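The values are calculated or read from the model by the stated rules, or taken from the named source; none is laboratory data. These numbers come from a predicted model, not from an experiment. Quick reminder, even Gly has a Cβ in these numbers, built from the backbone with ideal geometry, and neighbours come from all protein chains shown.
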Ligand code: SF4
């Protein structure tokens, strides 16, 4: 059994995060004064926070302590534990002792990538990525005024469920009736809340699920509702996550052009049709190319395409081949996600490409994709890590020129307010901390996740948001 005894602090979550990085996702338990992982290796450590702010981790008579400047206590305890576990297991994590989902927020506080390597043991390629991306995020954020609002409109329905999906999304083949009622409820919520939010809007993101799963009539009606009720002025970025090519029709593309949608996402995930079909996506790579070319012909010049590295049934060469095919299409944005098996996904952990040793497996796959994108003139503009990914890798958005999405950067930064409509959305208000440039206190207001309950309780959800933003 694996066991860390906490001394001088009660930062159970920070300790658990580091334990999880090294030993996958154990069923770790927080007991009085300790974190234990019943299925972990037979190791017992003591992690102590001293009154002067230093942290030392003890293991079999050895003391692990960083000799250099102190970090804040939450980071300090993770650092000494990381040093011990890295030594005991001979493993080095790509992101070192950084466990949070936004490494660029830490990079903002540092003067060079080298600082991330030295203070947090981040591998040099990841330190460079975080540092470069953090500067680009800061540049893009200057285009989102602090008093402005970002809007999220969520449609948690999809034409079928992808095997790797971990979102709360309903398959419309079982819930078609709900979709129409859901869209009507969404419009009701937007109409109720918008009059009370009189603030400039910088970015709108219509996401899901797959918003284009709506029939043309409902889809057009939702766009009408958004443009009629929200204060969308010229210069506001409006993204529709068209997502699955099998849901994108000429009529929906035309509706988006008429309304002035500035950015759309057409997400292939892979350019191998056999993988797509095995994963439960009802479209082929040819469908992606056809829809993409149609959108370009209709005048969409800001298109994002998502890829997933580490899909089941694929190896590095196949992923690299998909990256090359997307680069040939030349969309303005390409986002590379790394797959990790999460609780709700149907795929098994064994089906997901392993990180293996550094430079192999998923790690190599991602690195090769990044290299190709950089060679083709793309640069990273935003990134985040998902919680509980055993491999500890990241998702990175790449852009050509000044086309990085304002919404993606603002939402991830946790320093711009977000008003979220629809089931499962999270509204947030961010308050700048005294004397701090990047640190904000964030208050959150979740919306109920279940679509059916959301339909029944729309008015209550709307009232809650009016109150939250009052
Ligand atoms: S399109 Fe996205 S949200 Fe929908 S089932 Fe697939 S992974 Fe899940």
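Return yes when residue 132 is surrounded by 23 or more Cβ atoms within 10 Å (Cβ to Cβ) and either touching a strand residue (DSSP E or B) at 6+ places or on another chain (Cβ under 8 Å) or under 17 Å from residue 393 (Cβ atoms) (or both) and no when it is not.
No, not satisfied.
Checking residue 57 against (1) closer than 30 Å to residue 380 by Cα; (2) modelled with pLDDT of 90 or more, only one condition comes out false. Which one?
Failing condition for residue 57: (1).
State all residues of segment 431-456 that are within 19 Å of residue 152 (Cβ to Cβ) and buried (at least 17 other Cβ atoms within 10 Å of the Cβ); if no residue qualifies, say none.
Those that are within 19 Å of residue 152 (Cβ to Cβ) and buried (at least 17 other Cβ atoms within 10 Å of the Cβ): 440, 445, 447, 448, 451, 454, 455.
Restricting attention to segment 86-106, does a residue exist that is at positive phi and surrounded by fewer than 18 Cβ atoms within 10 Å (Cβ to Cβ)?
Yes, the conditions are met somewhere in segment 86-106.
Using the structure shown, decide if residue 164 is away from the ligand (no atom under 16 Å from the Cβ) and either more than 30 Å from residue 235 (Cβ to Cβ) or modelled with pLDDT under 90 (or both).
When the stated conditions are applied, residue 164 does not pass them.
Determine if segment 224-243 includes at least one residue that is closer than 14 Å to residue 419 by Cα, within 12 Å of the ligand (Cβ to nearest atom) and at pLDDT 95 or above.
No, segment 224-243 has no match at all.
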